[in-house]
């Protein structure tokens, strides 16, 4: 059976060893200590020497306290974040939120996001490159977004040719959708002809986790669709009226079901690769739900509709996100019930 000393971590045992390369406890010191012991007290100056066991216990307690302070302070204190590097993603100072990128003391890039931008809700953004259109016309711009906490990388703006209509005063203005799936710090790297032009860091707030409301689809303006819809009652959906929604039979954890999605928008928005993903509240793992192709198809008053099969694996609140051609189109919050026994 191991002794108490053998059970201690190596770093505690090392504290008991001398920090010096050669003996520092002389015969004179030894004689003085023995004389003091004979008089009934062993002192260091005016204070009693603490026992080695007590010293080790105090050292371990201080060490654990420091770990707790650092772990809590990392999330809560910007000062600590400035001092401690983020493993794998550079220094925390590089992630300080900024809407202006400056190089050699000169503003080079500025970004303006839509007013109430939040995770899961496309809000739009305008990117001002502080160069006249004459210097950028014909080049290609691409914007990549990186999430600090997960390392997720997504394409905020696919490679786009810079044209003369992007001129704005003495700068060049480019618009993107700014649809971000997760809350937290995101760095947006702006590339021009595959060379980094600058970067912006945005602290994206989380959106509301209130379950999305129900609405009744509006009557179609298409005469054929209107004639067909007159034979059926108005359709109730869950989602965002005038944007996206689905006929909702409810969600039970681990059980698949069919859901008819409906979308409103321009034809060019509603054509291409449809990708449905989901993230559970208080998590950052985005799971795949459904993939298919979509094209405009008026139905139930919407500009496009498509049947899907969806399954959410656990009970709780989930954000279901729809992307078309890699761009976030919108999201719906649903509550998933536990399976009945």
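Any read-out appearing in this document is the output of simple, stated calculations on the displayed coordinates, not a laboratory observation. On a predicted model such as this, the values are computed, not experimentally measured, just so you know. Every residue, glycine among them, receives a Cβ derived from its backbone with ideal geometry; neighbour counts consider all protein chains shown.
Details
- FRET efficiency, residue 285 to residue 216 (Cβ-Cβ, R0 51 Å, nearest 0.05): 0.90
- The mean sequence separation of alpha-carbon pairs under 8 Å and at least six residues apart, normalised by the residue count of segment 108-219, gives a relative contact order of 31 percent.
- Where N is the number of residues in segment 94-204, Cα Rg divided by 2.2 N^0.38 Å: 1.02
- Residue ranges 156-166, 176-186 sort as 176-186, 156-166 when ordered by packing (mean number of other C-beta atoms within 10 Å per residue, highest first).
- Measuring nothing but how far apart in sequence close Cα pairs (under 8 Å, 6+ apart) lie, relative to its length, segment 214-336 scores a relative contact order of 28 percent.
- Calculated FRET efficiency for the pair residue 295/residue 338, C-beta based, R₀ 30 Å, to 0.05: 0.20
- 20 Å reach of a label modelled at residue 170, 7 Å along Cα-to-Cβ, counting backbone N of segment 105-130: 105-112, 127-130
- Listed peptides 324-330, 193-199, 303-309 by packing density, highest first (mean Cβ within 10 Å): 324-330, 303-309, 193-199
- Multiplying the residue separation of residue 96 and residue 163 by 0.36 nm and subtracting their alpha-carbon distance yields 20.9 nm.
- Taking the average, over residues, of other Cβ atoms within 10 Å as the packing measure, peptides 262-271, 235-244 rank 235-244, 262-271 from highest down.
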